[in-house]
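Okay, structure first, notes after.
The values are calculated or read from the model by the stated rules, or taken from the named source; none is laboratory data. Just so it is clear, the structure is predicted and the values come from calculations on it, not from any experiment. Every residue, glycine as well, gets a Cβ built from its backbone with ideal geometry; the counts of neighbours run over all protein chains shown. Please note that ligands, DNA and RNA were not included when accessible areas were found on the heavy atoms of the full protein model with its side chains. Shrake-Rupley method; radii C 1.70, N 1.55, O 1.52, S 1.80 Å.
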Amino acid sequence: MGAGNAVQDASLGEEIVQRINKLAAISEEAGKLTRIYLSKELREAADLILNWMREAGMSAHLDAIGNVCGRYEGERPGAPCLMLGSHYDTVRDAGKWDGPLGVITAIACVADLNRRGKRLPFAIEVVGFADEEGVRFASTLLGSRAVAGTFDEAVLNARDRDGVSMRDALVTFGLNPDHIGAAARARRELLAYLELHIEQGPVLEAQKLPVGVVTAIAGATRLAARLTGMAGHAGTVPMALRRDALAGAAECIGVIEQFCHTDEGGLVGTVGYIQARPGATNVIPGEVSFTIDMRAPTDMHRKSAVADVVRQIEAIAKRRQLTLQLDVTHENRTVPCAAWLQDQIAQAIGAEGFPVFELPSGAGHDGMAMIDVADVGMIFVRCRGGISHHPDEHVALADADAGARVLLRAIENFRPREDRASAS
């Protein structure tokens, strides 16, 4: 029986949706989904996922950072693995599909193999990463960085909004912060890392397609800008004599939007936060702070665009006699999805009867960390309206099923990269 028929008969889409709903019921807020790192809700979710892994025929455990890890042995015990994963933490007031869809779909695929008694020439490991969003300690990808061996132990001293350190939160969760290094995996243990995730954007919906092949996870540069002029009375300072920081910021924001609109290489720019001071109706703003987030499919394009935008902002500030402070607060490299994995995902999509469509990811994912220990591939699943990080986030049952069929087919027909195949 082929992979497509197996999934269709088993109707994995229904099982996935049921489990998505069950996991979404675990939240610190009634009526809202919030499940942050090292909370008691995350522990309850971890226990539920571990149980699902074991029911699917995997050995399962919680690692030293709080990731839920399951392993389905191959034909030969101890063989290198194809790792599947995503995250099971959420933002505050979240949607229920971002992260858990990838974890639950991977478990469902392994369960299907187990029901058929099928073992592959490699092991399969499923990982639910405990912290991708970075909500609690303002540092993202903690779970996947630990697995990739790039976890920064300085983060253990970070404190949440209640003053609790990450180190203490790990102990309360039942973990030993001194053992985090044990979560790291060696490159020789992993044949590849595959992640299924909702698109978090409207492109697949516009294309009327349930799934797509991800080409790259876009890098991001974030900057904090502060323009300082001179506060003054709204009625007595002539327009020609004003040094209005908010008017200057508005011009900067317009320049950012226009620059990105005219770019043809997938550049996006966002000003997501702005604050004017002193913040009174009848006072000319003397100081304005705002953020800039710029992303592009390649690092060269992003860095060039950031430099161009910075030059334009500097020119605006000089012309308006405003003092500018501009600091880079975050920079993540672009992560290309491996061409050989893209090819295999495309073959699985085509074999399931869907047109093959390629698109980059503008959002960050655990693959940004996993690239340090394995080649990365991603499958996107259509989400309604492109909405994410919001309670209205939604995936249709048919699309959840299509994603499962594609992932299962990709697993069953997975071929390691040639140099890894000969080594193993």
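For the stretch 81-113, which positions are among the small types (Gly, Ala, Ser) and under 16 Å from the mean Cα position of the chain (by Cα)? Talk me through it step by step, then tell me what you get.
Step one: list which residues in the stretch 81-113 are among the small types (Gly, Ala, Ser), which gives 85-86, 94-95, 99, 102, 106, 108, 111.
Correct list: Gly85, Ser86, Ala94, Gly95, Gly99, Gly102.
Among the residues making up the stretch 27-49, those that are touching a Leu at 6+ places or on another chain (Cβ under 7 Å) and more than 19 Å from Leu142 (Cβ to Cβ) are Ser27, Leu48. The condition of being open to solvent by 20 Å² or more (accessible area, probe 1.4 Å), in contact (Cβ under 8 Å) with a residue 12 or more places away in the chain and within 18 Å of the chain's Cα centre (by Cα) holds for Gln200. Filter the stretch 82-111 down to the residues that are more than 17 Å from Arg384 (Cα to Cα), in contact with a strand residue (DSSP E or B) (Cβ under 7 Å, 6 or more places away or on another chain) and open to solvent by 10 Å² or more (accessible area, probe 1.4 Å) and list them by number. The answer is Asp93, and nothing else. Starting from residues that are among the aliphatic types (A, V, I, L, M) and surrounded by 24 or more Cβ atoms within 10 Å (Cβ to Cβ), keep the ones in the stretch 350-373 and report whichever is nearest to Thr215 (Cα to Cα). So the residue we want is Met368.
Give the residue, chosen from Gly143, Gly74, that is in contact (Cβ under 8 Å) with a residue 12 or more places away in the chain and in a helix (DSSP H, G or I). Going through Gly143, Gly74 in turn, the sole match is Gly143.
Which residues, counting only those in the stretch 230-271, are of a type in the set (A, V, I, L, M, F, W, C) and in contact (Cβ under 8 Å) with a residue 60 or more places away in the chain?
Going residue by residue through the stretch 230-271, those that are of a type in the set (A, V, I, L, M, F, W, C) are 230-231, 234, 237, 239-241, 245-247, 249-250, 252-253, 255-256, 259-260, 267-268, 271.
If the condition is that a residue be of a type in the set (A, V, I, L, M, F, W, C) and in contact (Cβ under 8 Å) with a residue 60 or more places away in the chain, then Ala245, Ala247, Cys252, Val255, Val268 are the ones that fit.
The selection criterion, being open to solvent by less than 60 Å² (accessible area, probe 1.4 Å), out of contact with any strand residue (DSSP E or B) (no Cβ under 7 Å at 6 or more places or on another chain), in a helix (DSSP H, G or I) and touching a residue at least 40 places away in the same chain (Cβ under 8 Å), does not hold for Ala182.
Among the residues making up the stretch 113-136, those that are at negative phi and surrounded by fewer than 22 Cβ atoms within 10 Å (Cβ to Cβ) are Leu113, Asn114, Arg115, Arg116, Lys118, Arg119, Leu120, Pro121, Val135. Just give me the residues in the stretch 19-67 being of a type in the set (Gly, Ala, Ser) and either more than 22 Å from the chain's Cα centre (by Cα) or not in a helix (DSSP H, G or I) (or both), in sequence order. Within the stretch 19-67, Ala25, Ser27, Ala30, Gly31, Ser39, Ala56, Gly57, Ser59, Ala60, Ala64, Gly66 qualify.
Let's see how each residue does on (1) open to solvent by less than 30 Å² (accessible area, probe 1.4 Å); (2) over 15 Å from Ala106 (Cβ atoms); (3) in contact with a Cys (Cβ under 6 Å, 6 or more places away or on another chain); (4) not aliphatic (A, V, I, L, M):
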residue: Gly377; (1), (2), (3), (4): yes, no, yes, yes
residue: Gly386; (1), (2), (3), (4): yes, yes, no, yes
residue: Ala396; (1), (2), (3), (4): no, yes, no, no
residue: Ala404; (1), (2), (3), (4): yes, no, no, no
residue: Leu408; (1), (2), (3), (4): yes, no, yes, no
residue: Asn413; (1), (2), (3), (4): no, yes, no, yes
residue: Pro416; (1), (2), (3), (4): no, yes, no, yes
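Is it the case that the stretch 242-255 has a residue that's surrounded by 15 or more Cβ atoms within 10 Å (Cβ to Cβ), among the basic types (Lys, Arg) and either in contact with a Lys or Arg (Cβ under 8 Å, 6 or more places away or on another chain) or over 21 Å from Arg333 (Cα atoms) (or both)? There is at least one residue in the stretch 242-255 that is surrounded by 15 or more Cβ atoms within 10 Å (Cβ to Cβ), among the basic types (Lys, Arg) and either in contact with a Lys or Arg (Cβ under 8 Å, 6 or more places away or on another chain) or over 21 Å from Arg333 (Cα atoms) (or both).
Only residues that are closer than 20 Å to Leu408 by Cα and out of contact with any Asp or Glu (no Cβ under 9 Å at 6 or more places or on another chain) were counted in the stretch 61-75, giving 3.
For the stretch 211-226, a tally of residues being closer than 16 Å to Pro355 by Cβ and open to solvent by less than 10 Å² (accessible area, probe 1.4 Å) returns 4.
State which residue is nearest to Leu324 (Cα to Cα) when the search covers only the stretch 234-265 and only residues that are of a type in the set (Asp, Glu) and part of a helix (DSSP H, G or I).
So the first thing to find is which residues in the stretch 234-265 are of a type in the set (Asp, Glu), and the list is 244, 251, 257, 263-264.
Next cut, part of a helix (DSSP H, G or I) only: 251, 257.
Numbers: Glu251: 14, Glu257: 19 Å.
Only one residue tops the list, namely Glu251.
For the stretch 142-152, residues that are open to solvent by 10 Å² or more (accessible area, probe 1.4 Å) and in contact with a helix residue (DSSP H, G or I) (Cβ under 7 Å, 6 or more places away or on another chain) total 4.
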